[in-house]
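Q: Following this message is one structure expressed as structure tokens.
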Amino acid sequence: MFEIEDLRHAGFALYMLYAELQKLERIQDMPRPYNMEKRQAIASETRTRILEAARRLLASESETDLSMEAIAQRADVSRLTLYYQFNSRTGLLEALYDHLANRGNMRRIPEVFLEPNPASAIDKLVSIFVGFWASDPVAIRRLRAMAVLDPEIAKGIQARDARRTHIAGQILKRMVTAGSKKFTKQQLHAASTVLSLLTGFATYDALATTGHSQNETIAIIARLARCAVN
């Protein structure tokens, strides 16, 4: 017959075995680091494929639909995948704007603020934006055209145009601080608006579609920009 002490030892041993089994199950249930990295890589590739599908839809003269259904079909994913990646059409559009900006090398914008000479900063601003517009003119042109009828697209574009006006204003304020220019508040606002218009897509497109090269377009806009602030 078992002694009480033997039963206690056996019970404790079973308890320890159960605890180890529970720990093993938790470890098995935990996602392995390499599996997580693989899933993240797949999700990133899917996200990029979706954004490229949306960009190609815009760049195609024969396509007029930028709905979630059209993008999902073009990217060969389900609508559920689109919503999982971007939450909403607004989220997808915001990511699309950023995708176009990355392709257009807009990461160079900090160079404008690092340029010590405000006049040179204006030249750099012109060069960066012309480079951006030239990176995908058909897609950008059609996206901006769609904004006329689509409030969601219009909101995103207006916000980004406002950033360009803000950057122009900051450059002009540096001119005032440096003592090279004197502007009233109204003059500063007007000059910022004109500089924003000159570096906008419409100005680039008007010059590019009449046969001017990218370098010629930069030179023309830069001259006009200097005249606008003098």
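The values are calculated or read from the model by the stated rules, or taken from the named source; none is laboratory data. On a predicted model such as this, the values are computed, not experimentally measured, just so you know. Note: ideal-geometry Cβ built from the backbone for every residue, glycine included; neighbour counts use all protein chains shown. Heavy atoms of the whole protein, side chains included, go into the accessibility calculation; ligands, DNA and RNA do not. Shrake-Rupley method; radii C 1.70, N 1.55, O 1.52, S 1.80 Å.
Q: Please list 3J(HN,Hα) in residue order for segment 152-165, calculated via the Karplus relation 6.51 cos²θ - 1.76 cosθ + 1.60 where θ = phi - 60°; whole Hz, with x for glycine and proline.
A: So the J values, rounded to whole Hz, are 5, 5, 4, 4, x, 5, 4, 5, 6, 5, 5, 5, 5, 4.
Q: Just to make sure I understand: if all protein chains stay in place, what is the order of His189, His99 by accessible area at 1.4 Å, largest first? Could the numbers behind the result be given before it?
A: Numbers: His189 125, His99 30 Å².
The ordering from most to least exposed comes out as His189, His99.
Q: Normalised by the number of residues in segment 45-156, what is the relative contact order in percent for Cα pairs under 8 Å and 6+ residues apart?
A: On the way: 98 pairs, mean separation 30.0, N = 112.
Contact order relative to length: 27 percent.
Q: Take Thr203, Thr64 and sort them by solvent-accessible surface of the protein heavy atoms, 1.4 Å probe, largest at the top. Mind showing how you got there, number by number?
A: Details: Thr203 35, Thr64 115 Å².
Solvent-accessible surface, decreasing: Thr64, Thr203.
Q: A further question on this structure: Provide the packing ranking of 142-151, 50-59, i.e. peptides ordered by the mean count of other C-beta atoms within 10 Å per residue, highest first.
A: Numbers: 142-151: 14.5, 50-59: 19.8.
In decreasing order of mean packing, 142-151, 50-59 become 50-59, 142-151.
Q: What whole number of Å gives the distance from the Cα centroid of segment 176-200 to the Cα centroid of segment 91-105?
A: The distance from the Cα centre of segment 91-105 to that of segment 176-200 comes to 28 Å.
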